[in-house]
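K.L.:
Below are the structure tokens for one structure; questions will follow.
Quick note: the coordinates plus some simple rules give every number you see, no bench work behind them. Everything quoted here is computed from the prediction, not taken from an experiment. Cβ sites come from the backbone with ideal geometry, for glycine too, and all protein chains shown count toward neighbours.
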Amino acid sequence: MAIDTQIRSKLLRKIQRIPSNRLKEIDDFISILESSTNKKDKNLSFAGAWRNIDDSVFEDLTDNLIENREKNKRRINE
């Protein structure tokens with residue numbers, strides 16, 4: 001935890017030395033980093049979601065996968 005604080009302090013000092021006309025670039029870069037982190041967290045939130053799925057439900061989903069996708073595709077195109 002102390003290392004995180006040191007790194008953050010170091011980054012802030014570096015940012016303070018950057019010319020004003022370059023701050024937009026830094027902000028854009030940080031936004032990209034934030035959005036990629038959020039996506040990873042969202043994806044990981046699904047981990048284990050199907051852990052306790054009933055075997056018959058799983059078989060139905062997999063056996064009828066192509067048919068179900070075709071039905072959904074028609075709804076999207078309408």
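K.L.:
Starting from the Cα of residue 24, step 7 Å along the direction of its Cβ; do the same at residue 47; then give the gap between the two resulting points in nm.
P.N.:
Taking the simple label geometry, residue 24 and residue 47 are separated by 3.9 nm.
K.L.:
Please compute the modelled spin-label separation between residue 64 and residue 9, points set 7 Å along Cα→Cβ, answer in nm with one decimal.
P.N.:
Placing both labels 7 Å beyond Cα along the Cβ direction yields 6.1 nm.
K.L.:
Between residue 56 and residue 36, what FRET efficiency comes out of the Förster formula 1/(1 + (r/R0)^6) with R0 = 30 Å and r the beta carbon distance, rounded to 0.05?
P.N.:
Once the sixth-power term is evaluated, E becomes 0.20.
K.L.:
Something else about it: Under 16 Å Cα-Cα from residue 24, which aspartates and glutamates qualify once same-chain neighbours fewer than 8 residues away are excluded?
P.N.:
Residue 24 reaches 34.
K.L.:
In whole Å, what is the distance between the alpha-carbon centres of segment 46-63 and segment 1-28?
P.N.:
Taking the Cα centre of each part, segment 46-63 and segment 1-28 sit 45 Å apart.
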